[in-house]
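First comes the structure, then the notes that go with it.
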Amino acid sequence: MQTPGRADSITFDRSLPGERLDRHLATVFGAVSRGTLQRLIEDGDILVNGRKVKATHAPRAGEVVTIRWPATKPDKAQPESIPLDILFEDECVLVLNKPPGLVVHPSAGHEEHTLVNALLHHCRGQLSGIAGVARPGIVHRLDRDTSGCLAVAKNDETHLALSTQFAVRHVRKIYHGIVCGELVNPSGCIEKPIARHPSQRKKMAVLDKGREARTSFRLLRHLREASFVEIELHTGRTHQIRVHFQHIGHPVLGDLVYGRRRTERVTELTSYKPPRQLLHARALQFKHPRSGKSVACTAPWPGDFSDALAALKAG
């Protein structure tokens with residue numbers, strides 16, 4: 001059974017001359033695909049200042065975007081009783097410590113045993129319906145093999161409010177990672193644009209034509225043939241940490257997409273073989289959508305991350 005659709009509106013506080021409307025809205029509404037947004041724009045369900053525009057429209061300061069979402073229908077994914085490590089929860093929002101290896105959204109080959117299946121069981125009717133499907137509002141994304149803090153909205157209002165905080169960079173995102181090689185600088189900032197790889201479409205790359213991306217880091221400890229770092233994400237591009245650290249010659253240890261050769265070299269020299277890319281979303285801080293109070297969560301390392309630090313501990 002479908003439930004009636006809902007409407008939202010957002011106002012651009014700054015112009016984005018190099019941006020497309022569909023692409024920007026995809027960053028605001030993290031659970032909605034660009035394809036869905038393009039269809040809504042084409043059908044006139046997304047208007048700018050009350051007028052129909054193209055998906056390529058460049059947002060301007062002061063413009064008001066109204067979005068009429070389709071009626072909500074049940075998700076095809078089925079609830080599953082999968083244990084969750086919950087760091088914070090109330091009637092609006094939930095923050096959990098995602099284990100490594102857990103797929104977030106059902107997809108071809110991963111129709112079951114995903115985080116969405118677990119949340120459908122845990123939330124039991126408290127679901128966001130943005131984009132027309134009743135499902136937990138996963139506001140941002142973590143790769144399958146990245147562990148740590150992940151925020152979930154329980155209703156559309158919370159989903160919109162949290163998505164907006166992520167889009168305007170009012171959320172603090174701290175990661176812990178183990179990268180290949182010995183970092184020379186104790187701290188630094190990587191500011192390089194990121195775009196889809198021109199020939200390998202499943203990968204991202206540093207490209208001049210890409211979108212602004214900024215990552216800062218602080219060295220926590222030198223390890224054998226590796227470095228333990230604390231990383232802060234100031235933007236939220238796909239694979240941002242992995243791409244930026246590959247770019248400076250220190251790919252994430254265990255990342256077989258962006259750092260296979262360096263990972264194999266570390267294994268040759270230390271006899272330690274990482275089970276996954278050693279990246280962990282350590283901390284997440286945001287403003288509660290309803291109370292306005294700060295919510296700060298810290299996720300303990302999973303066992304394989306602690307094991308890696310112990311195995312690579314420098315003399």
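Taken together, the values in this text are just the output of simple stated rules run on the coordinates, not laboratory data. Model, not experiment: these values are computed from the prediction. We place every Cβ from the backbone using ideal geometry, glycine too, and count neighbours over all the protein chains shown.
Some observations on this one:
- Between region 217-258 and region 275-302, the Cα center-to-center distance that results, in Å: 18
- Counting only aspartates and glutamates at least 8 places from residue 202 when in the same chain, those with an alpha carbon closer than 17 Å to its own are 143, 145, 255.
- Among 283, 213, 58, the residue with the largest mean-square fluctuation in a Gaussian network model of the chain, with springs joining Cα atoms closer than 10 Å, is 58.
- In the chain, taking the dipole from charged Cβ atoms about the Cα centre, the farthest positive-side position among 7, 299, 97 is held by 7.
- Unsatisfied cross-links (Cα-Cα over 28 Å) in the set 203/273; 209/287; 173/293; 173/313; 98/154: 209/287
- Selection among 150, 87, 166 by position relative to the dipole of the chain gives 166 as farthest towards the positive end (Cβ unit charges, Cα centre).
- Restricting the trypsin sites (Lys or Arg not before Pro) of region 145-231 to loop positions (DSSP other than H, G, I, E, B) with no more than 10 neighbouring Cβ atoms within 10 Å leaves 201, 202, 209.
- Dipole magnitude for the chain: computed about the Cα centre from +1 point charges on Lys and Arg Cβ and -1 point charges on Asp and Glu Cβ, it is near 780 debye.
- Packing-based exposure ordering (other Cβ within 10 Å, fewest first) of 301, 69: 301, 69
- Ranking of 56, 164, 146 by neighbouring Cβ atoms within 10 Å, starting from the fewest: 56, 164, 146.
- Extended-chain gain in nm, criterion 0.36 nm per residue less alpha-carbon gap, residue 290 and residue 86: 71.5 nm
- Environment charge at residue 6 (Cβ cut-off 10 Å; Lys +1, Arg +1, Asp -1, Glu -1): -2
- Total formal charge among the other residues, if their Cβ is under 10 angstrom from that of residue 15, Lys/Arg +1 and Asp/Glu -1: -1
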